[in-house]
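Student: So that we are looking at the same thing, I have put the structure below in structure tokens.
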Amino acid sequence: MKENHTFKMVLLGTTTIAMVVTMYLIFIWVPTEEEMGVVQRIFYLHVPLAWLAFLAFFVVFIGSIMYLWKRQEKWDVLAHSSAEVGVTFTTLFLITGIIWAKPVWGVWWTWDARLTAALVLWLMYLAYLIIRPYAADVQRGARFAAVIGIVGFIDVPIVALAISLWRTQHPSAVIFEGGLASTMLATLLVSLFAFTLLYWLLLMLRIAIRKDETELKRLKEQRD
Amino acid sequence: MNESIPLSSALEVWELTKTFGNNRALRGINLQVAYGDFLIIFGPNGAGKTTLLKILATIMKPSSGEVRIGGLDLKKDTEEIRQRIGVVSHQTFLYNNLTARENLEFYSRMYDVAEAGQRIHEVVNTVGMATRLNDRVGTLSRGMQQRFSIARALLHNPDIMFLDEPETGLDQEALPMLWQSLQNEGQGKRTIVMATHNLERGLELGNRLVILSGGKIVHEQTGADSDLSTLRKVYEETTKQ
Amino acid sequence: MRFWRKVLAITWKDVLSEFRTREIIFSVLVFTLLVIVIFNFAFGGGQDTIQMVAPGMLWITFTFAGVLSLNRSFIIEKEEGCLEGLLVCPVSREIIYLGKMLASLLFMLSVEVVALPIFAILFNLDISFQLVVITLLTTVGFVTVGVLFSALAVNTRAREMVLPLLFLPIVVPLIIAAVESSGLALSGESWGEIASWLQIIGAFDVIFLVVSFWVFNYTIEE
């Protein structure tokens, strides 16, 4: 346990440093983009958030498979915690998408491929999290959630494919053009790295809290 | 644990536990039932009777422990076990919109019953319901539905039967006749495990009794060992919460 | 083959039950007709508007009708503990899945067989062979995951709400593909572009048939 604690402190430290550096890079260091102005800086948050939304769901997927296979609670704890962190990131991604869209393109929402896919992903996260209290008991809730995690994750690429094909049929006026200068690329990569660490940290913390909750409940049961 | 056990046991349960989250429904059940026994499981509500029977009926998985039914392992040979057991519960397992005959035909196919028409005839006669075969189950009285449910459970001639409080809603006089015919219908004697909280009935029918309380077996005896009032006293004592 | 005999026995049982009550088909058909009529008033407008929104209308109708009918699939098993009765039988869970799936497929197709011509008549649309194929393939996709989630939902509280909550996000790609390709089919398009949409629908069908088949076990065990 001691070793675990040290590891967590190291992770906390590294993440803090990485995030501070990232914020500096995003808001101060990287030059302002020509076309969109200051608000474009959201891009450096927006993209890593998308990456994390997906990564977190992948972890949910793996955790769900392992849980159904091995029936060990630790896998469900992993999947559940990742889903909670993931849904938060997805929500932030959607919000930053809205914040970005309005000043730049004049609309609150664009049904572009990324945002739409993220919205569907968000709904799947929601289904994953909501099903638990609706089940007859905790174990069944966990099993149902695992089923949703697996089916949902496999669906994601199909959703993305369908949406991007749809988008080519109905292109909208708002398109984000590529072309990244080296400074922008560097900032983006650092941001990606920092956010991945943040995900990891939050995941560990959430799992630890969940373990404590379970322990507390168990002690209460014993006392009664 | 495996090879040295004589094959004469219909049911063997070792250290069976079942936990739902923080609720320990079964806390280490040990049981042995020989072929031909009629075991009665008494217990108040919440004692774990239904949980135990569901596990034995292969519907629910145990949290730990081992179960062998007819010599077969519950985990490994689940489908073979299902072919050999019959289950009757307070729910009929019958589709209300279909006729009794259609229900029985359906289950005959599920159990791969050979010569289904003839077999259906046999079991329906055993439970005394031949005249209502073509009626929709939903239109029958509760008692009649339950009789057809028993017919359903007998279709595939199981050696072992699990009954979970089956007498709810049945006409009381017909019951002993029913249980006896259940045990003796077809070739040989069936092994029956029945859960009930009716002490009088259980004492009448069973040759072995256990009392389940709080997820544990708190009392075991053979039927001959006591009369109703003694049993009632023992029951009250052992199931005090 | 014993496997298929048992599968078909389950399908037949569901069909027989439905014959007796006509619950699913009638209520879903009436619902479908009502929605069609409401759509007509909601979109007002002339033939042009109708042409534009027709594919969307069609698939919203079929999707919600599908949810209604899928919901019923396992509710009949909950009465009198019939689901337990099935679980006790020496029948693999996959057999139950396939049996139920085929039954739901039949029910949905029956509704669609009636609804499509009505759509065509009321809105002056041309039903092509392509549209029929699209409808068939998409419906298969609906029932593959629909039956899975129906089994799951029936074991929860608020089951009528749970099914659409799970089902709708998952079938988004089906709906997109169905709407787009139906639009093309209705405007007389031959296979060309429709093919790429059909590939998506087909891939969905195959993938989720396999996945649901494998995972179904976990939704109905106790």
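The values are calculated or read from the model by the stated rules, or taken from the named source; none is laboratory data. Because the structure is predicted, anything quoted here is derived from the model rather than measured. Using ideal geometry, Cβ is built from the backbone for each residue, glycine included, and neighbour counts are taken over all protein chains shown.
Student: Does the range A:58-73 include one or more residues that are in a helix (DSSP H, G or I) and under 30 Å from A:SER182 (Cα atoms)?
Tutor: Yes, some residue in the range A:58-73 is in a helix (DSSP H, G or I) and under 30 Å from A:SER182 (Cα atoms).
Student: Given the criteria in contact (Cβ under 8 Å) with a residue 40 or more places away in the chain and within 7 Å of chain C (Cβ to nearest Cβ), does B:ASN103 qualify?
Tutor: no
Student: Now a separate question. In the range C:10-30, what count of residues is obtained for those that are surrounded by 19 or more Cβ atoms within 10 Å (Cβ to Cβ), more than 17 Å from the chain's Cα centre (by Cα) and of a type in the set (A, V, I, L, M, F, W, C)?
Tutor: 1
Student: If you don't mind, another one. Test A:ASP112 against the stated conditions and say whether it is surrounded by fewer than 22 Cβ atoms within 10 Å (Cβ to Cβ) and facing chain C (nearest Cβ under 10 Å).
Tutor: no
Student: Return a yes/no flag: does the range A:131-142 have any residue that is within 30 Å of C:ASP205 (Cβ to Cβ), of a type in the set (Ser, Thr, Tyr), within 14 Å of chain C (Cβ to nearest Cβ) and surrounded by fewer than 22 Cβ atoms within 10 Å (Cβ to Cβ).
Tutor: Yes.
Student: Would you tally the residues in the range C:169-203 being more than 17 Å from A:THR116 (Cα to Cα) and not in a helix (DSSP H, G or I)?
Tutor: Of the residues in the range C:169-203, 4 are more than 17 Å from A:THR116 (Cα to Cα) and not in a helix (DSSP H, G or I).
Student: Using the structure shown, decide if A:SER191 is over 21 Å from A:LEU49 (Cβ atoms) and at pLDDT below 90.
Tutor: The answer is no for A:SER191.
Student: Consider C:PHE204 carefully, then state whether it is within 11 Å of chain A (Cβ to nearest Cβ), at pLDDT 95 or above, buried (at least 20 other Cβ atoms within 10 Å of the Cβ) and more than 30 Å from B:THR51 (Cα to Cα).
Tutor: yes
Student: Only residues that are surrounded by 16 or more Cβ atoms within 10 Å (Cβ to Cβ), under 10 Å from A:LEU198 (Cβ atoms) and not small (Gly, Ala, Ser): list them for the range A:12-27, please.
Tutor: A:THR15, A:MET19, A:THR22
Student: Further question on the same structure: Considering the range A:143-159 alone, what residues qualify as being buried (at least 19 other Cβ atoms within 10 Å of the Cβ), of a type in the set (A, V, I, L, M, F, W, C) and within 9 Å of chain C (Cβ to nearest Cβ)?
Tutor: Once the filter is applied, which keeps residues that are buried (at least 19 other Cβ atoms within 10 Å of the Cβ), of a type in the set (A, V, I, L, M, F, W, C) and within 9 Å of chain C (Cβ to nearest Cβ), the range A:143-159 yields A:PHE144, A:ALA146, A:VAL147, A:ILE148, A:ILE150, A:VAL151, A:ILE158, A:VAL159.
Student: Need at least 1 residues that are within 11 Å of the chain's Cα centre (by Cα), away from chain B (no Cβ under 14 Å) and not hydroxyl-bearing (Ser, Thr, Tyr) per element, so show me which helices (runs of 4 or more DSSP H) inside the range C:38-130 make the cut, counting only ones lying wholly within it.
Tutor: C:47-78, C:93-123
Student: Name the residue, out of B:VAL113, B:VAL87, that is out of contact with any Gly (no Cβ under 6 Å at 6 or more places or on another chain), among the β-branched types (Val, Ile, Thr) and more than 10 Å from chain C (Cβ to nearest Cβ).
Tutor: Residue meeting the stated conditions: B:VAL113.
Student: Based on this model, can you work out whether A:SER82 counts as under 20 Å from A:LEU202 (Cα atoms), more than 10 Å from chain C (Cβ to nearest Cβ) and of a type in the set (Gly, Ala, Ser)?
Tutor: For A:SER82, the condition - under 20 Å from A:LEU202 (Cα atoms), more than 10 Å from chain C (Cβ to nearest Cβ) and of a type in the set (Gly, Ala, Ser) - is met.
Yes/no matrix, rows are residues, columns are (1) among the hydrophobic types (A, V, I, L, M, F, W, C); (2) at pLDDT 95 or above; (3) surrounded by fewer than 21 Cβ atoms within 10 Å (Cβ to Cβ):
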| site | (1), (2), (3) |
| --- | --- |
| C:PHE107 | yes, no, no |
| C:SER110 | no, no, yes |
| C:ALA115 | yes, no, no |
| C:SER150 | no, no, no |
| C:GLU160 | no, no, yes |
| C:LEU166 | yes, no, no |
| C:PRO169 | no, no, no |
| C:LEU184 | yes, no, no |
